[in-house]
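Structure record follows, encoded as structure tokens.
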Amino acid sequence: RQADGRKVLRSSIREFLCSEAMFHLGIPTTRAGTCVTSDSKVIRDVFYDGNPKNERCTVVLRIASTFLRFGSFEIFKPTDEHTGRKGPSVGRNDIRIQMLDYVIGTFYPEIQEAHSDNSVQRNAAFFKEITKRTARLVAEWQCVGFCHGVLNTDNMSIVGLTIDYGPFGFMDRYDPEHICNGSDNTGRYAYNKQPEICKWNLGKLAEALVPELPLEISELILEEEYDVEFEKHYLQKMRKKLGLIHLELEEDSKLVSELLETMHLTGGDFTNIFYLLSSFSVDLDPSRLEDFLEKLASQCASLEELKVAFKPQMDPRQLSMMLMLAQSNPQLFALIGTKANINKELERIEQFSKLQQLTAADILSRNQRHWKEWLEKYRVRLQKEAENVGNADVWNANRVKVMNSNNPKYILRNYIAQNAIEAAENGDFSEVRNVLKLLENPFQGSEGASEVEEEAEEEGAAAGATACAQVATHSVSYCSKPPLWAAELCVT
């Protein structure tokens, strides 16, 4: 692909800001130390559309205990029957043993100590631990709507960190099939596929550890541990996001599923809907409930936004040709398209057609009805919590506190990063600093937000009047639903 190994300012700012954002969200990650740019230029075709441009070379200093990955152990892979490729160190079991000894002894010393006399037991304990860490990591991603973008084995950390921030993205409108990477044509790394693909990558790590860890042992560990750990951690986190702090009921999983389904049906903003729920009370009177429903509805997709989201992407003649090809020549069709993509396009056309028949008032009414139905279920669940506490006021205060420390107000949305990038490409890095300031304090009530705005304004004043004006313009909007133009941003 004529790669020259150089990173550019655009992607460097995204990585710098997101790795710090993830750290302050409490998610295991590599960190960013510095971002240094230069006057050296390289040519990049940003959207792979034949319109290359010169971009400034930039270096991000990344910090982690180790940058070893699952893929690091694939240097021993034997020849692949399909591709004919093999690892550069095939047959070098001495190096594999050395690498395993280093990884476990350095980063998992308690496992090394517990199994120092039995290498197979030690390696099994290590694989079990990285399986559980990976399951917890992806559960954390799902709970903040983070999509990695390229989850191959070389982007999976051997110590369970979020690593390699390329075409990542935080979801705005909730869509379980959201694809953040514009070049991921098959949706291999879609939001709802992340848990599955991380498990698949662990399977590849298991294969790479043979013979130091027999496959029958590692595969059993993977089947017994991964799904259980993911579901447990995901539900624990979701309970905190919903303020369910005393009881753990079987019905909680269904409540979460129904919340996400409601969010999907209404095009709800993933981050802002959760953030709003902390202000819902079990004893809201009818008039205040209507006010709350209006607030929720304001965080749902408008008719205009839905038309952008479901706008057909194929020319009708192209779609017709693809449908005929799928019938007449499946082998040729498989080279240029997939049934899933065609079905998605047909679904998009159907949705777009339905939207033409609706008004903004229809959408608002429908959304409020959906949310009213779910809120009634949520109220019943919260009442069960309240029945088991001595002081309802103390319980409610604790509930809100837990929710506000698990539902961020600020995430690195694509349009926020884009604003910072465009300013930096014009030589003004103050917006990058301002955004970083907000991301360092993602969990805030209204009081915390004003404090951060004041701090950012002070910093902006020190940097100059321009920075101060930018903070005033963006600090409020950066916690609101994204503007319509943000839907057109494409990250590859």
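Of note:
- Taking the criterion of being surrounded by 17 or more Cβ atoms within 10 Å (Cβ to Cβ), in a strand (DSSP E or B) and of a type outside the set (A, V, I, L, M), the only residue of the range 1-32 that qualifies is Thr29.
- Lys237 vs. criteria part of a helix (DSSP H, G or I), at pLDDT 95 or above and more than 28 Å from Val90 (Cα to Cα): yes
- Restricting attention to the range 41-54, the residues that are assigned to a strand (DSSP E or B) and free of Cβ contacts under 8 Å to residues at least 24 places away in the same chain add up to 4.
- Leu215, sole failed condition from (1) closer than 27 Å to Leu260 by Cα; (2) open to solvent by 40 Å² or more (accessible area, probe 1.4 Å): (1)
- For the residues Cys147, Cys180, the requirement of being under 22 Å from Phe23 (Cα atoms), touching a His at 6+ places or on another chain (Cβ under 9 Å) and open to solvent by 10 Å² or more (accessible area, probe 1.4 Å) singles out Cys180.
- Of all residues in the range 331-349 being of a type outside the set (A, V, I, L, M, F, W, C) and surrounded by 11 or more Cβ atoms within 10 Å (Cβ to Cβ), the one that is nearest to Leu306 (Cα to Cα): Arg348
- Residue within the range 453-475 that is open to solvent by less than 60 Å² (accessible area, probe 1.4 Å), of a type outside the set (Lys, Arg) and modelled with pLDDT of 90 or more present: no
- Of all residues making up the range 359-399, the number that are small (Gly, Ala, Ser) and touching a helix residue (DSSP H, G or I) at 6+ places or on another chain (Cβ under 6 Å): 3
- Looking across the range 150-177, just one residue is over 10 Å from the mean Cα position of the chain (by Cα), small (Gly, Ala, Ser) and crowded, with 22+ Cβ neighbours inside 10 Å, and that is Ser157.
- Filtered residue count, the range 87-115, keeping only those that are farther than 17 Å from Leu209 by Cβ and open to solvent by 90 Å² or more (accessible area, probe 1.4 Å): 3
- Verdict on Glu224 being surrounded by fewer than 17 Cβ atoms within 10 Å (Cβ to Cβ), acidic (Asp, Glu) and over 22 Å from the mean Cα position of the chain (by Cα): yes
- Per this entry, Gly243 is counted among residues that are open to solvent by less than 60 Å² (accessible area, probe 1.4 Å) and on the phi > 0 side of the Ramachandran plot.
- Filtered residue count, the range 376-420, keeping only those that are of a type in the set (Lys, Arg) and under 18 Å from Leu255 (Cα atoms): 5
- Test: residue in the range 71-90 that is touching a strand residue (DSSP E or B) at 6+ places or on another chain (Cβ under 6 Å) and of a type in the set (A, V, I, L, M): no
- Of all residues in the range 125-138, none satisfies being part of a loop (DSSP other than H, G, I, E, B), over 29 Å from Asn404 (Cα atoms), open to solvent by less than 10 Å² (accessible area, probe 1.4 Å) and not assigned by the TED database to the domain that holds Leu61.
- Filter result for Gly84 (open to solvent by 30 Å² or more (accessible area, probe 1.4 Å) and either touching an Asp or Glu at 6+ places or on another chain (Cβ under 6 Å) or not in a loop (DSSP other than H, G, I, E, B) (or both)): no
- Here Lys311 passes the criteria (1) closer than 30 Å to Glu261 by Cα; (2) of a type outside the set (Asp, Glu); (3) surrounded by 15 or more Cβ atoms within 10 Å (Cβ to Cβ) except the one numbered (3).
- Here the condition is being assigned to a helix (DSSP H, G or I), among the polar types (S, T, N, Q) and closer than 30 Å to Arg348 by Cα; of Asn181, Asn185, Asn192, it holds for Asn192 alone.
- For the range 277-291, a residue qualifies if it is free of Cβ contacts under 8 Å to residues at least 24 places away in the same chain and assigned to a helix (DSSP H, G or I), and the qualifying residues are Pro286, Ser287, Arg288, Glu290, Asp291.
- Any hit, the range 259-276, residues being part of a loop (DSSP other than H, G, I, E, B) and either touching a residue at least 24 places away in the same chain (Cβ under 8 Å) or in contact with a helix residue (DSSP H, G or I) (Cβ under 7 Å, 6 or more places away or on another chain) (or both): yes
The values are calculated or read from the model by the stated rules, or taken from the named source; none is laboratory data. Quick caveat, the model's predicted, so the values are computed rather than measured. Note that each Cβ is placed from the backbone with ideal geometry, even for glycine, and that neighbours are counted across all protein chains shown. SASA here: full protein model, heavy atoms, side chains in, ligands and nucleic acids out. Shrake-Rupley method; radii C 1.70, N 1.55, O 1.52, S 1.80 Å.
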